[in-house]
Structures are given as structure tokens and as C-alpha cells.
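Written below as C-alpha cells is the structure these notes are about.
Derivation of every value follows stated rules applied to the coordinates shown; laboratory data play no part. Quantities reported herein were computed from a predicted structural model and do not represent experimental measurements. Because the Cβ atoms are built from the backbone with ideal geometry, glycine has one as well, and the counts that use them run over all protein chains shown.
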Amino acid sequence: MSVSLWQDRSKTTNPKVQDFDVVIIGGGIAGLSTAYWLLKEEAGLKIALLEKGELASGATGRNAGFITCGSVEHFNRLVGKHGQDEALEIWNFSEKNLELLEEEIIRDNKEALQFEKKGSFSLASTEEEFEELKKSYSLMKDLGIEVEILEKDQIQERLNAEGFVGGIKYVKDASVHPVLLLDEIYKKIKDNENFCVLENSEVFNIESSGELKVIHSRSGKYQAQLVVMATNGYSAQLHPFFEDKIYPTRGQILATESLPKLLEGPCYANFVLDYFRQTPSGEIVIGGFRQLKKDTEVGYSDEVTDIIQDALEEFLNKHIPKIKGCSITHRWSGIMGFSSDGQPMVGAIPSDPQIYFVGGFTAHGLGLAFHCGKCLADVLFEREIPSFISAKRFA
């Protein structure tokens, strides 16, 4: 972002520069997960987390609540792009993300967090896509990944969904209330006297001062030995390194009134571009269709548009006819960060090794960010991380 001379309150809001070991920029799941793992590693670290709005006001609080494994494409395509060994490593990394969330955060609070581990479904509306899903199924079964294949009648029976010729179920996937999940991560670390969260503290500049970094924000000026950018889709606004690596991409969603139980679990359709699920309290949440207006769905605007909102409603009416005529209670959008190669990014900026980052989750933030935060802590404590997420691949 840019800030005028008149808008720059960093010198007057808090004239005394505050010192920290680490300043984390971004109050979503990536930023709080990084803080969690750093403090678990070394509780005495002095850490400030700066958030431009409130915690969870970005993509973390605006997604559909899927905690799914893998990446943004069908597994057979992942194998074609990365090879079988690395594709399995990518899948296992996201499975580990869910395991870590359950072990560290969710285990004793499943009902309160609206956490359900019922798997997820990829549904094919054409024979062409079903053939791809069958290839994925075979590859995954051979590699020991838990997956089921479904025919048309099974989809109708288990999901009350019509217009699909077949699909597969990823058995270990889950869903959650994303804001309550973030709240729970925060609760784990908020009482550490060395940690603070500063909301309404949009950062507009990072500069060097000797061996330290100076972070200018709307709430004041801060110094730190290290900066962590957990800004995902907004990263390029703060540093040019990300201009060709993380692209801001808008996702639009709507939610219905509470309805009788219809769906066994979360679903993807249309080559993973569209997605829907039913919450424990009965609302159906659906998002996607950015492919209808690719030019307007890239950028930082978080408005909703008629063409995509209408398409979301039409999809529900076509594929889940039992809900025709139901009320739509919420419409919203959020800005995701799509990486240039489809995989998350963890590490340091090569030209500025005091600035670290975690992002580029490509619509899978809940499925990747907690583990990625741990990996960033691993990097800072000089441990190896998987090469497919490492920033070294851009060196």
C-alpha cells in the first residue's frame, strides 16, 4: 500500500520505538500459527503480531472452513507435474497439517470449534472428469492414501446431489469454523507476557536500521531482528519480491439458512473450482465460479458480484434441488494468495534475509498454514524443511 505524508502517523501515534525479537505481519492463521510455533520453541522470544484490521478479518475469516489434503488440483495432475514421490510428499504434508491441528489445538474442543472429520468429496459432472478422478483414485490407492470411489447413485444417496456421474471421497479430510479455530490458537499463546497482538496496525513500510528492521505501521513504529510476512494475497503490496510469486485472487461465497441434514461431508466440483458443505448447524456454504470472470477475480477488491453470486445459487438449485426456495442469509468474498507454482512458500527473501515469509496457500490455507508456520519456525532454528515449500526454489 502507499501512505501519504499526511497519513503517516507512525511518528506521532507511538513516538517511542518498541523493540521485539520478531515482528509478524498478518493476523490470520499463518501469522498466529507462526507465533504459536515460535513461542512453543522458545517461550522467551519477544514477538509482536501486527494486523491491519482485526484477527481473522482476512482470508482466514472469509473461507468456507475446509481442512483438506493435497493441493488445488486433482492428484493425477499433481503426479504429472511433480512425479509420484513428490506428489505423495505434498499430500502427506497436508495430512500432517490436520494431525498437528488436532493434536495441538482441536482435540479437546471439537464440538465448540464445529470440527467434523467426515472426509471430503470430489464430484464429476462429466465422464471426462470422472475418468481423471478414477486415475487419481488408482494412484492414491497404490500409495496407501485412504480414498473411496463413488458412482452416481451413491452420490445421490449420501449427498442428496444430482447431476454428477461419479466421484471420489478423501477419507481423512475435515471442516471447521475458521474464526473459532483462530481464536483457539490465540488462546494458547495470548497469556505469554512476551507476546502481543496489535490490531488496526496496517504496515506500510519496512526499512533497515543497522542490524535491525524498522516496521512502520498505523499504530506506531517497531524494531525487530526479524520480520515475518504472513500476508499471503497482500504480500506484493508490501514487498516487490512477491509480484510474480503470489497473486491476489478473490473467492466469493454465500450461505443459506439452516436446513435439514443433506450432505455427508464437504464437496468439490468442476475440477476443484467450486466447493460446498453443510455446517453442523445446517447452513449450506458454497463458493467458487471465479472462472466466469477471471479478469475481475484477480486483485484486492472484496466486493461480491451478481454474475458469480447468481451462478452459486443456480448451482445449488440444479445439484441440490431439495433446497430450492431456501433463503440466502450471507454473501461475502475474500482475497486468497495463489502462488506461481501452486505450492506454499516458506523462507526468507533472498535479497533481504531478515524478512521471512509464509504464504501462497492457493485456496488451501486451513489445510496448510498451521504446518507451514511450524516449518517457518524450523527455518529460523536452522532445521531443514521440505523442498517443495522452501523459498530456496526461487533463488
Any chance you could tell me what percent of the C-alpha pair distances in region 79-203 go past 18 Å? 65
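For the chain, give the magnitude of the charge dipole about the Cα centre (Cβ charges: +1 Lys/Arg, -1 Asp/Glu; no others), in debye to the nearest 20. Can you show the working numbers first?
On the way: 42 positive and 59 negative charges, 118 e Å.
In debye, rounded to 20, the chain gives about 560.
With charges set only on the Cβ (+1 for Lys and Arg, -1 for Asp and Glu), what does the dipole of region 250-333 come to about its Cα centre, in debye to the nearest 20? Could you put the intermediate results ahead of the total?
Values: 10 positive and 12 negative charges, 50 e Å.
With only Lys, Arg, Asp and Glu charged at Cβ, the dipole is about 240 debye.
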If you build a Gaussian network model of the chain, linking Cα atoms that sit under 10 Å apart, which residue out of Ser57, Ser217, Ser208 swings the most? Ser208
Once region 183-272 is represented by equal point scatterers at the alpha-carbon sites, with solvent omitted, what log10 I(q)/I(0) does the Debye formula produce at q = 0.12, 0.14, 0.26 Å⁻¹? -0.67, -0.82, -1.36
Quick one: net charge around Arg393, please, counting Lys, Arg +1 and Asp, Glu -1 for every other residue with C-beta under 11 Å from its C-beta. +1
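Given a Förster distance of 30 Å, report the FRET efficiency between Gln84 and Glu243 from their Cβ-Cβ distance, rounded to the nearest 0.05. Could you put the intermediate results ahead of the total?
Numbers: r = 33 Å, r/R0 = 1.09.
Efficiency at R0 = 30 Å is approximately 0.35.
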Using the beta-carbon distance between Gln225 and Asp302 and R0 = 25 Å, what value does 1/(1 + (r/R0)^6) give for FRET efficiency, to the nearest 0.05? 0.15
With unit charges on the beta carbons (Lys and Arg positive, Asp and Glu negative) and the dipole taken about the Cα centre of the chain, which residue among Ser258, Phe204, His371 sits farthest to the positive side? Phe204
Using the alpha carbons of region 250-333, what is the convex hull volume per residue in cubic angstrom, as a whole number? 91
18 Å cut-off, amide nitrogen to a point 7 angstrom out along Thr126 Cα→Cβ, residues in region 305-347: 315, 319
Contour excess over end-to-end distance, with Cα ends at Arg158 and Asn194 and 0.36 nm allotted per residue: 8.0 nm
If I model the chain as equal point scatterers sitting on the Cα atoms and use the Debye formula, what is log10 I(q)/I(0) at q = 0.07 Å⁻¹? -0.32
Spherically averaged projected area in nm², based on the convex hull that wraps the Cα atoms of region 39-127: 9.5
Using +1 at the Cβ of each Lys and Arg and -1 at the Cβ of each Asp and Glu in region 250-333, identify which of Gln309, Ser281, Leu292 lies farthest towards the dipole's positive end. Ser281
Starting from 0 in steps of 5 Å, tell me what percent of the Cα-Cα pairs of region 120-171 lands in each bin. 5, 24, 33, 22, 12, 4, 0
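For Glu73 and Lys392, FRET efficiency with R0 = 22 Å and r from the beta-carbon atoms, rounded to 0.05? Intermediate results must be reported in sequence, preceding the final value.
Numbers: r = 23 Å, r/R0 = 1.05.
For Lys392 and Glu73, the calculated efficiency is 0.40.
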A correct fewest-to-most ranking of Asp108, Asp302 by other Cβ atoms within 10 Å would be Asp108, Asp302
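Mind putting a number on the dipole of region 96-162 about its Cα centre? Charges go on the C-beta only, +1 for Lys and Arg and -1 for Asp and Glu, and I need it in Debye to the nearest 20.
The calculated dipole for region 96-162 is roughly 160 debye.
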Given only helices, namely DSSP H runs of n ≥ 4 each adding -39500 (n - 2.57), what is the per-residue ellipticity at 222 nm of the chain, to the nearest 500 deg cm²/dmol? -8500 deg cm²/dmol
In cubic angstrom, how much convex hull volume per residue do the alpha carbon atoms of region 286-337 span? 84
Using a Debye calculation, one point per C-alpha and no hydration shell, please list log10 I(q)/I(0) for region 188-341 at q = 0.19, 0.20 Å⁻¹ in order. -1.12, -1.18
Would you mind finding the longest exposed-site-free stretch of the chain, with exposed chymotrypsin sites (Phe, Trp or Tyr not before Pro) meaning DSSP loop and at most 16 other Cβ atoms within 10 Å? 7-299
Whole-Å distance, taken between Cα centres, linking region 55-131 and region 257-277: 14
Once amide hydrogens are built 1.01 Å from N within the peptide plane, the residues lying 5 or more places from Met336 or on another chain with amide H under 5 Å from its amide H are Thr249, Arg250, Gly251
